[in-house]
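Following: one structure in structure tokens, then a few remarks.
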Amino acid sequence: MKIVVLVKEVPDTYGDRKLNLETGLADREASEKVLDEIGERSLEVALKHADANPDTEIVVVSAGSEGAAATIRKGLAMGAGSALQVADEGLLGADLGLTAEVLAAAIRRVEPDLVIAGNQSTDGSGGMIASMVAELLDVPALTNLSAVEIGSDAVSGTRASDGATLQVTAPLPAVVSITEALPDARFPNFKGIMAAKKKPFETVSLADLGIDPEDHSASRSIVIGISEKPPREAGVKITDEGDAGEKLAEFLVANRLV
């Protein structure tokens, strides 16, 4: 079985996350860049299956800047067999539509049996890539799974909703996305880090995938305005002079909180 795991380089969630006020894009130099944690958990799902099924081939796929290669190699150090990176200037500021189109084209290049992704990245938090990729690949999508079981010809999992827990199944090939309910990813060991340097790492451009980023036949979006979040204003302090309850009620009504 061949499994593709979608991973992404993102600004560290423990660092500063800012927007560039000139471009409207995320300032990716504002903090350290790391492999998205939900992508690591997705890779862990694939690696656990590979631990029990040695004939499993795992490929990490990512789209972004050429500088992300070092971060993506962490996936190889964790245990993936190879990596495919789409690196192109045309991806700067890509919206969900272009990103899904690029990832789907890269996945077709690999021809996997299963695609595993996180439910949403920590930078864009769009939460739609897995579903959009599945639509473009014309395969079933099982999204927001809190448990995954991979079989030889089908994949199943558990999805929690507000009022129930659903058990869902789809035949392969398919796309699944997982939540943070899945276990933490393993840490790369020294042997894995050294082995990662020799594993196949293919870098392709949009042209290699037959994609023109200026082609507006697919959905594209642009930022038309941006400004910094205004500083937080001081709150309202109510001194109890026998009418604090009345003043509190007036405040809640004025702010449409009741």
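Structural descriptor for the chain: relative contact order 22 percent, calculated from alpha carbon pairs under 8 angstrom and at least 6 residues apart. For the stretch 84-166, taking the reciprocal of the average inverse distance between every pair of different Cα atoms yields a Kirkwood hydrodynamic radius of 14.2 Å. Panel values: the chain, Kirkwood radius from alpha carbon pairs, Stokes-Einstein at 10 °C and 1.306 mPa s, translational diffusion coefficient 78 µm²/s. With R₀ fixed at 22 Å, the C-beta to C-beta distance from ILE224 to ASP123 puts the FRET efficiency at about 0.60. If you run the Gaussian network model on the chain, springs between alpha carbon atoms under 10 Å, then out of VAL176, VAL61, VAL139 the most flexible one is VAL139.
Among ILE226, ILE129, ILE238, the largest mean-square fluctuation in a Gaussian network model of the chain (Cα springs under 10 Å) belongs to ILE238. Within the shell of other residues whose beta carbon sits under 15 angstrom from the beta carbon of ALA244, the net charge comes to -3, with Lys and Arg scored +1 and Asp and Glu -1. Relative to the longest principal axis of the Cα atoms of the chain, the long axis of helix 244-254 makes an angle of roughly 50 degrees. A simple count of charges around ARG73, restricted to other residues whose Cβ falls under 10 Å of its Cβ and scoring Lys, Arg +1 and Asp, Glu -1, yields +3.
Normalising the Debye intensity of the stretch 43-190 to I(0), with uniform scatterers on Cα atoms only, and taking log10 at q = 0.20 Å⁻¹ returns -1.46. Neighbours of PRO140 by Cβ distance under 13 Å: Lys/Arg scored +1, Asp/Glu scored -1, total -4. So which of LYS74/LYS229; LYS48/LYS198; LYS48/LYS199 end up more than 26 Å apart by C-alpha? Cα-Cα > 26 Å for LYS74/LYS229; rest within. I want to verify a result. In a Gaussian network model of the chain, Cα cutoff 10 Å, which of these has the top mean-square fluctuation: GLY81, GLY124, GLY90? Of GLY81, GLY124, GLY90, the most mobile in the Gaussian network model is GLY124. Treat every Asp and Glu Cβ in the chain as -1 and every Lys and Arg Cβ as +1, leave all other atoms uncharged, and give the resulting dipole magnitude about the Cα centre to the nearest 20 debye. I would put it at about 760 debye.
Since every read-out is calculated from the coordinates, none of them should be taken as a lab result. Everything quoted here is computed from the prediction, not taken from an experiment. Counting neighbours? That spans all protein chains shown, and the Cβs are built from the backbone with ideal geometry, glycine included.
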